[in-house]
Amino acid sequence: MKGEEYTLDDLKRFDLQLWQPRHGYRYSLDPLLLARFCGTIPGGGSIVDLGGGCGIISLVLARINRDASVVAVENNGTMAALIERNISHNGLGDRVTVSAKDVMDLRSHFADSTFDLVVSNPPFRTAGSGKVSPRTGRDAARHETTARLADFMSAAKYLVKPSGKICFIQLPSRLSEFMACAVEMKLAVLRIRMIHNTIDAPATLFMAELAKGRRTAPVVEPPLLLRSGDGEYTDEVWR
């Protein structure tokens, strides 16, 4: 990896530094919100991140859950190597590993009901939808290629323990598809939280927690507001 093609960025809140492509896909606030939505895993436990990108969710969750083991699944070889670099750079090689596999192939590499937490920030858009980015690597992260939303959810159901939880973040335009997949797969939606830029703006994203083997009505949590009236991040976002 050529140094000039990457930047090293501080994430001081979690005592992390992450290498990212200078001109490709770069993480935003979404994975940080999702990592916080997941919360902690009692006793450490085991976590798998489906679609690891540069490894930000995996590394943040490793910091939040100091005794947990984390697997970052990433099918793009260049990004999988970048995750390895970030793991090593942050001294987390004893607890975080990379699985350079496609979400569609995980059943042949992991046993059923292996993880306490399955987390995913999957591509938001279906193939051929939305604008095409001129930046190499950004479309692969934003648009579904080999795996669809239903495939990510199916893999999550397979991997999570009955006592565990699944956490996703997605676009509100795909909420009905998400809920329909959950019903079809017999996944219980435990809670949903909508994300809004401001109090009077439509939701831009939603986060959801699911579980298998349970029957319960979802709890719709208070909305997460990113910015206050003066345009600054809200106190919750800063925290």
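Read-outs throughout are calculated quantities, based only on the coordinates presented, and are distinct from any laboratory measurement. The model shown is predicted, which means the values in this text are computed figures rather than measured ones. Don't worry about glycine lacking a Cβ; one is built from the backbone with ideal geometry, like all the others, and counts go over all protein chains shown.
Each of C54, C167 was scored by other Cβ atoms within 10 Å of its Cβ. Arranged with the fewest first, they read C167, C54.
Dipole magnitude for the stretch 27-238: about 360 debye, using +1 per Lys or Arg Cβ and -1 per Asp or Glu Cβ, origin at the Cα centre.
Take the residue pairs K161/K186; K165/K186; K101/K186; K101/K161 and return only those whose Cα atoms are more than 23 Å apart. The answer is K101/K186.
For the chain, modelled as a GNM whose springs connect Cα atoms under 10 angstrom apart, the maximal fluctuation among K157, K165, K101 occurs at K101. Residues considered: G213, G164, G229. Largest GNM mean-square fluctuation over the chain, using C-alpha springs under 10 Å, is found at G229. As a proxy for reagent exposure, ranking F124, F152 by other Cβ atoms within 10 Å from fewest up yields F124, F152.
The mean sequence distance of close C-alpha pairs (under 8 Å, at least 6 residues apart), as a share of the length of the chain, puts its relative contact order at 15 percent. Among E74, E209, E184, the largest mean-square fluctuation in a Gaussian network model of the chain, built with springs joining Cα atoms closer than 10 Å, belongs to E184. With neighbour counts taken as other beta-carbon atoms within 10 Å, the residues W19, W238 rank, fewest first, as W238, W19. In whole Å, how far is the Cα centre of the stretch 206-239 from that of the stretch 38-117? If you average the Cα positions of each part, the centres end up 23 Å apart.
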